[in-house]
1. For every other residue with a beta carbon closer than 9 angstrom to the beta carbon of LYS105, add +1 if it is Lys or Arg and -1 if Asp or Glu, then tell me the sum.
2. Tell me, in nm to one decimal, what length is gained between VAL210 and ASP192 on full extension, where the rule is 0.36 nm per residue of separation less the Cα-Cα distance?
3. Putting +1 on Lys and Arg Cβ atoms and -1 on Asp and Glu Cβ atoms, find which of VAL167, PRO189, SER199 reaches farthest to the positive end of the dipole of segment 157-202.
4. Compute the length gained on full extension between ASN183 and SER199: take 0.36 nm times their separation in residues and subtract their Cα-Cα distance, giving the result in nm to one decimal.
5. How much length would be gained if the chain were fully extended between LEU130 and GLN108, taking 0.36 nm per residue of separation minus their Cα-Cα distance, in nm to one decimal?
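Every read-out reported here was derived from the displayed coordinates using simple, explicitly stated rules and does not represent laboratory data. As the structure is a computational prediction, the values presented were derived from the model and not from experiment. No Cβ is skipped: glycine too gets one built from the backbone with ideal geometry, and neighbour counts run over all protein chains shown.
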Amino acid sequence: MNLRRGVMPALFGVGLALTPLSGVASSLERFSEFINGTVQAQGEFEQKIFDSNRKLVQESRGALAFSRPGKFRWTYVKPYAQLIVGDGSKIWIYDEDLKQVTVRKLDQALGSTPAALLAGNNEAMRAFRLSDKGSKDGLEWLEALPRDKEGNFERIRMGFGASGLQVMELVDGFGQTTVLKFNSLERNPRLDPALFRFSPPKGADVIGDVP
């Protein structure tokens, strides 16, 4: 598998936010509060990809922003410059080094993905079976199993701490695990709508569901 392209499934884990809560609550309660109380968010992330033997094969970092439902901006700054924008109807993936833009229809791209859990609408939530996995490493863990077995992911786990959502773990059909840790996330900030619009740069190749 091309590791550079291996970040792509995790792209659709964009649209994330913190939901601060007081007291002790289960992960299902944390997730419900997140869905009901978070409309927009922005912050930074660190991403690590492990193979089926838990060997680290790639590290990256960047920034994210989202506006529910279906709008998000996910920017990788290291090791490769890459931008993913969901404008509410399409997802645009721009690889700066290759000067290539890939376009996908939003409803087809989300499906049973992390983005459907976090940036989608209530209908998208029904694509998963959710369960509380208890406490571990100081976090309350939620597990989401996609109802559609044809998707890229076998299992998604979300870890909630004192400040809200802190970690996501995504396991694909090849046993590869993507771990996302979120830093400096701001809940419900005022965001510029232009963040969620994208126009292909001049000279870039555009492929996929070209408008």
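1. Result for the neighbourhood of LYS105: 0.
2. 4.0 nm
3. SER199
4. Working: separation 16, 0.36 × 16 = 5.76 nm, distance 2.83 nm.
Full extension of this stretch gives 2.9 nm more.
5. Values: separation 22, 0.36 × 22 = 7.92 nm, distance 2.15 nm.
My answer for the length gained is 5.8 nm.
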